[in-house]
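Have a look at the structure below before the remarks.
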Amino acid sequence: MNRVRCLVLNAALGPLDYKVPEGMVVEPGAVVECPLGPRTVIGIVWEAERLPGTEVPVEKLRNLRGLLPVPPLSAPLRRLIEWTADYYVASLASVARMALSSGGALKGPATMTEYRLTGGLPERMTPQRQAAIDALEGEQANIRELAGIAGVSEGVLRGLVNQGVLEPVEVDCDRPYDPAHPDFAEVELSTQQREASGIFSEAVRAAKFAPFLLDGVTGSGKTETYFEPVAQALRMGRQVLVLLPEIALTENFLHRFEERFGAPPVLWHSSLKSTERRRAYRAVSEGSAQVVVGARSALFLPFRQLGLIVVDEAHETSFKQEEGVRYNARDVAVMRGHFEQVPVVLASATPALESLQMAQSGVYKKVDLPSRFGGAQLPAIDTIDLTEEKPPQGMWLAQRLVDGIEERLGRGEQSLLFLNRRGYAPLTLCRNCGFRYQCPNCSAWLVEHRFTNRLACHHCGHEAPAPKACTECGEPDCLVACGPGVERIADEVAERLPQARVFVATSDTLNSPGRAAEFIAAVEAREVDVIVGTQLVTKGFHFPELTLVGVVDADLGLEGGDLRAGERTYQQVAQVAGRAGRGSKPGEVLIQTRHPEAPVIAALAAGDRDAFYSAETEMRREAGAPPFGRWAAIIISSEDDAEAREAANRIGAFRPEVAECLILGPAPAPMALLRGRYRYRFLINARRSVQLQDVIRRWLGALDHPPGVRVAVDIDPYSFV
Ligand code: ADP
Ligand code: ZN
């Protein structure tokens, strides 16, 4: 039969049938070029019986135009694509697109030209040429990258090429990665670690689906523990996927990996250059990429023979994708393990309630690391009631916390202050006319950044210079900063403890792997006394001299109270507390709060995790919230408010009546304006027995909207804005 059904990468089109031309051999999963009108689109050959088809007679079918030189997508990956589209109510094409995530890789083998110094000198030396020659010693890259490294224009480098100072070198775009060695430097595990890793390694050997929850306190050595099963997979010639949140901050992880396996892993994240992307993609698909460390998008890479999946810090909300296909990488990882028939390890010190519930009901096997490695103790936790121990006027730190920092300064130890707010102040207003600076594109205040002297929106990136006079009433010097951000806390520390060396650690200052590495080196060299940071510093770091953690405002996360506010606060504070006392010196944590009696705060102070989780579990059970019931959100948006509202009302008019399924809305979303789009929302709460996705598909599938309207479905939402 020379007729095939293809999933084409165009969300507006269903599957299309084609004829396979003479001489072309395709199998399911093959990536092909399909003619579509006058154009060519990329498609994937699919099992015809799994996709709804067309009845076009074979004589009318057009020929496939070509077969792309990449291995076909495997059956387990095809099943994962189907499952993801079905579960998250997304089009197959938009999910399939995530699996074909490197355009370059699909074009097949290629070479590229790079340049390096020859050792020769130009006829005429200029300061710029000299600077370039000095900077490029030992470097090899393309002209654009070299210009970036040397800090000169590309023109200067082209001049050097003409003069024979730089020479071209043809390199294979897909040159192999250095191999990782399973036995390069084995680590001696503690008894507790050995038992845990033995369970995982056994599962890797068995090569079957087995989901695990590795529940280990901060500093218990979860990484060392899952490195053993990684080694086991390597010994069997199988590939490993390790998912990490916030890939920019994984220097520490990469370093440990290289020490253990003798080579760095293959990286996958959104800021890879296209050449790095194609190289990684091809190596993954050919099986030569042994260990891939990546952000959530690595989940859809076409592994040839996977042996193990690890999701580290599995509770992290950044595993939830908030645009396009709104999937949760933690859950999709488990499904990939299921289809690939490999074990999946979800590692966390503060697992999501959903994961714990899966463990309790026996679906996941729970493996515990109850104590810190090397005899380090968990820190002592105390609360500071801000209603009693008031900070001085216009300040944010209680005297007891400042005293604690001063004590550490005296002993040469380090402190960390945590506040999840970038910038100097979250709101700027005019003392004269009361005007508040708001983002023109979002329902949000502009945040003052003193380092850059700008007002910025943290939702859309809008920025403006901080005005000297009020832009509304024209009064000079009347703008007041309201509330603290990390920059303001850093100023306060500098004012109250002038001898302290303070470092502000946020995504503004640690915005590249290089900057992050510099930060780590500076802290390790004890060039920093006080770190003031956002949630970026709550995890992954291991600083033995850090003995005090101060939580500036534990109530912040509880405001606005969405479903997971309590859990998120618990996780954040427990994680940041976990940075204290990781070495031989004991750690202390001081939590500033106006509600020391709130269940989350009380549980944190008492170190009673079980109390928190069981109270939270009961609360969710009563509310019919996940994991006991299900939520979904539908967001309707348009650049035109009236158009968005009308579309939402029309959808509302067709709302289905389904037993045990409550549909709320439409109502303006809490962020009624976001990135220039007006937003209306439905929230759906259903019992587990309801086929929620089917309900939504039937409801929305029958309706059309003007082209400017976007309808986004969010299953198991994390964001309620
Ligand atoms: P977690 O991720 O559980 O918070 P880490 O994996 O970061 O903990 O480990 C904490 C520290 O203890 C790290 O510096 C790690 O290198 C060290 N460590 C853990 N286990 C071992 C071991 N078996 N041998 C040597 N060092 C270890
Ligand atoms: Zn904005």
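General remarks:
- Only one of the numbered conditions (1) within 16 Å of ligand 2 (Cβ to nearest atom); (2) exposed (fewer than 15 other Cβ atoms within 10 Å of the Cβ) is violated by residue 433, and that is (1).
- Hits in the stretch 549-584 - residues which are under 20 Å from residue 485 (Cα atoms), small (Gly, Ala, Ser) and not in a helix (DSSP H, G or I): 550, 554, 560
- Where residue 668 falls short, out of the listed (1) farther than 30 Å from residue 571 by Cα; (2) surrounded by 15 or more Cβ atoms within 10 Å (Cβ to Cβ); (3) without any contact (Cβ under 8 Å) to a residue 24 or more places away in the chain: (1)
- Filtered residue count, the stretch 378-401, keeping only those that are in a loop (DSSP other than H, G, I, E, B), in contact (Cβ under 8 Å) with a residue 24 or more places away in the chain and surrounded by 14 or more Cβ atoms within 10 Å (Cβ to Cβ): 7
- Scoring residue 464 on the criteria (1) farther than 23 Å from residue 394 by Cβ; (2) in contact (Cβ under 8 Å) with a residue 12 or more places away in the chain; (3) assigned to a loop (DSSP other than H, G, I, E, B) leaves a single failure, condition (3).
- Evaluation of residue 711 against (1) at pLDDT 95 or above; (2) outside any strand (DSSP E or B) (one fails), failing number: (2)
- Only one of 218, 223 that is within 13 Å of ligand 1 (Cβ to nearest atom), in a helix (DSSP H, G or I) and in contact with a helix residue (DSSP H, G or I) (Cβ under 9 Å, 6 or more places away or on another chain): 223
- Any hit, the stretch 335-350, residues being touching a residue at least 60 places away in the same chain (Cβ under 8 Å), under 21 Å from the mean Cα position of the chain (by Cα), within 16 Å of ligand 1 (Cβ to nearest atom) and outside any strand (DSSP E or B): yes
- Some residue of the stretch 590-610 being in the same structural domain as residue 525 (by TED's automatic domain parsing), within 16 Å of ligand 1 (Cβ to nearest atom) and in contact with a Leu (Cβ under 9 Å, 6 or more places away or on another chain): no
- Those residues of the stretch 596-625 which are touching a helix residue (DSSP H, G or I) at 6+ places or on another chain (Cβ under 6 Å) and part of a loop (DSSP other than H, G, I, E, B), in sequence order: none
- Residues satisfying the stated conditions in the stretch 524-541, i.e. surrounded by fewer than 17 Cβ atoms within 10 Å (Cβ to Cβ) and either farther than 23 Å from residue 497 by Cα or free of Cβ contacts under 8 Å to residues at least 24 places away in the same chain (or both): 524, 525
The values are calculated or read from the model by the stated rules, or taken from the named source; none is laboratory data. None of the values given here were measured: they were computed from a predicted structure. Neighbour counts run over all protein chains shown; Cβ positions are idealised from the backbone, glycine included.
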